[in-house]
Amino acid sequence: MAPAESRPRKIGAAPHDRVRVTCLIENSSSDPALAAEHGLALWIEARGRRILFDTGQSDAFVANARRLGIDLARADFIVLSHGHYDHTGGLAAALAEAPAARLVVHPAAGTARYAVRPGETAREIGLPPGAREAAARLDRARVISAGAPVALAEGIGVTGPIPRRTPFEDAGGPFFLDPAGTRPDAISDDQALWIAAAGGLVVVAGCCHAGVINTLWEARRAAGDLPLRAVIGGFHLGDAHSERLAATTAALKDLRPDLLAPCHCTGERALATLRGAFGTRVLRCAGGSRLEF
């Protein structure tokens, strides 16, 4: 994948009148008529822009979008949170459905990646061949490199690489750059989207491999330290130990989000912990869920 040059790095924050986020596909579904799969794809509408954030594991999100009344052809941007198969597997379909959309992707998203667990055969988990080929065929003018923060519109930005500052967060799994499991993968391409909404900052994350707290700190830094209106997406706490869950919960309390909408890789134990700490401010995000701010 050969991204074009980075766009302006200075990102200003201006409130948007309305922000709507629709979950096109996720591990579960709020409607039996919608497909579900281990993956994530979100449709975001804000300030006249339409953004497809991640593309799930397959093209199943396309049929879900139609059923939900969403016209993918109107997408202005397709943003990839990172280069794992469950967030990029539907990329070829997305590019075909939205021929005018620009692809926002970190330069390292195409890195070969593996999940290596003791006693199991190494499994490839990077961009699937179809996604890789579709990205390679794109005109360079349609590709925006997110090797640094990217402004998509006034008050809408992509963080680019997220600094790892917390002592308790890591990539959250058995991730390696080689099938032998000798080179750990920090998933340096992990990034998030932020929107300056009327009530504060809306942060949309794919998997938070950089850590959900690191992600929120970086989004707030980019947006000018706005209060947190909502955090939507995967928090990647499925394998988190008790100490990490406690530290994450404490840090979230300091950040005081109005709404947490976890999904995908967050994990049931983490979801229960968050609900215990934040009560009704936690809303499970499933396929078909619509959030409006």
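Points worth noting:
- Among GLU97, GLU26, GLU45, GLU292, sorting on how many other beta-carbon atoms sit within 10 Å of each Cβ, with the fewest leading, yields GLU292, GLU45, GLU97, GLU26.
- Contour minus Cα-Cα distance for ASP17 and ARG66 (0.36 nm per residue): 15.1 nm
- Unpartnered cysteines - no second Cys beta carbon under 4.7 Å - across the chain: CYS23, CYS207, CYS208, CYS265
- Packing-based exposure ordering (other Cβ within 10 Å, fewest first) of SER242, SER145: SER242, SER145
- For segment 25-44 versus segment 54-100, the inter-centroid distance based on Cα atoms is 12 Å.
- Of all DSSP-defined beta bridges confined to segment 91-178, some 70% are antiparallel rather than parallel.
- Under a model in which nothing but the beta-carbon of Lys, Arg (+1) and Asp, Glu (-1) is charged, the chain shows a dipole of about 640 debye around its Cα centre.
- Calculated [222 nm] ellipticity per residue, helices only, for the chain: -6500 deg cm²/dmol; basis is -39500 (n - 2.57) per DSSP H run with n ≥ 4, divided by all residues, nearest 500.
- Antiparallel bridge percentage (DSSP; both residues within segment 19-292; nearest 5): 60 percent
- Ordering TRP217, PHE176, GLY206 by the projection of their Cα atoms onto the charge dipole of segment 166-220, which places +1 on the Cβ of Lys and Arg and -1 on the Cβ of Asp and Glu, puts TRP217 at the extreme positive end.
- Ranked list, fewest to most other Cβ atoms within 10 Å of each Cβ, for GLU133, GLU243: GLU243, GLU133
- Separation of alpha-carbon centers, segment 160-185 and segment 248-293, rounded to whole Å: 23 Å
Values quoted throughout were computed directly from the atomic coordinates according to the rules given, and no laboratory measurement underlies them. A quick note: this is a predicted structure, and the numbers were derived from the prediction, not measured. In this analysis, Cβ positions are derived from the backbone assuming ideal geometry, glycine residues included, and neighbour counts consider all displayed protein chains.
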